[in-house]
1. Mind listing just one residue for me: the one in the stretch 99-124 that is among the charged types (D, E, K, R) and in contact with a strand residue (DSSP E or B) (Cβ under 7 Å, 6 or more places away or on another chain) and, of those, modelled with the highest pLDDT?
2. Here are the criteria: (1) over 22 Å from Ser114 (Cα atoms); (2) in contact (Cβ under 8 Å) with a residue 40 or more places away in the chain; (3) in contact with a Pro (Cβ under 6 Å, 6 or more places away or on another chain). Tell me which single one Arg54 does not satisfy.
3. So in the stretch 63-75, with the set limited to residues that are touching a residue at least 12 places away in the same chain (Cβ under 8 Å) and part of a loop (DSSP other than H, G, I, E, B), which one is surrounded by the fewest Cβ atoms within 10 Å (Cβ to Cβ)?
4. Could you check the stretch 85-117 and list, in sequence order, the residues that are open to solvent by less than 20 Å² (accessible area, probe 1.4 Å) and within 14 Å of the chain's Cα centre (by Cα)?
5. Scan the stretch 32-50 residue by residue and report those that are open to solvent by 50 Å² or more (accessible area, probe 1.4 Å), outside any helix (DSSP H, G or I), touching a helix residue (DSSP H, G or I) at 6+ places or on another chain (Cβ under 9 Å) and closer than 15 Å to Tyr83 by Cα.
Amino acid sequence: MSQALHISLLDPADSATLDAAAAVLVNAFNEPGRYSVERIRAVLQPVEAPFYRRFYIARLDGEVVGAGGIKAADWASNTHVLYLSAVAAQARGRGIARALVQARIDWVRSQYPSGTLLVSTRHRKRFAQLGFHPLGEAEEFGRTLMMLSLGRK
């Protein structure tokens, strides 16, 4: 039986969903000093323009199994950043991460017809398939900074 995947904007007023999204992120990063539950819960709160921040969640048959953020860079005009993305270990390998990325790309394109979208990732191939281009070689921890021009599909 196929499981139903649903991607939506995180509603910060829904405390159960907020807690579930925070748990996915905290467990995925497993760095309590840097990614404490308190810090993640605070970051999950939306911020409005010009330096917006919002999170999308992935539900598989109603259970929150993924979360991913997008924000405006406060250091460059017309620049947006994908960040704090994770899928729960038991739900990986089902296209959930890709669906979360695509939802955020679709949203930023609907709001900002031009500009740049950046991501630092270990999943270079996934992002290349979505139109991102590397901005140099892999860094020390295997991450590559990649860019997508919002003016093109």
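1. Arg104
2. (1)
3. As a first pass, look at the stretch 63-75 and keep what is touching a residue at least 12 places away in the same chain (Cβ under 8 Å): 63-74.
Add one more test, that the residue is part of a loop (DSSP other than H, G, I, E, B), and what stays is 73-74.
Numbers: Ala73: 15, Asp74: 9.
That would be Asp74.
4. Within the stretch 85-117, Ala86, Val87, Ala88, Ile96, Leu100, Val101, Arg104, Ile105, Val108, Leu117 meet the criteria.
5. Gln45 - this is the single residue of the stretch 32-50 that is open to solvent by 50 Å² or more (accessible area, probe 1.4 Å), outside any helix (DSSP H, G or I), touching a helix residue (DSSP H, G or I) at 6+ places or on another chain (Cβ under 9 Å) and closer than 15 Å to Tyr83 by Cα.
The values are calculated or read from the model by the stated rules, or taken from the named source; none is laboratory data. Everything quoted here is computed from the prediction, not taken from an experiment. Cβ: placed from backbone, ideal geometry, glycine included. Neighbour counts: every protein chain shown. Side chains included, ligands, DNA and RNA excluded: accessible areas come from the protein's heavy atoms. Shrake-Rupley method; radii C 1.70, N 1.55, O 1.52, S 1.80 Å.
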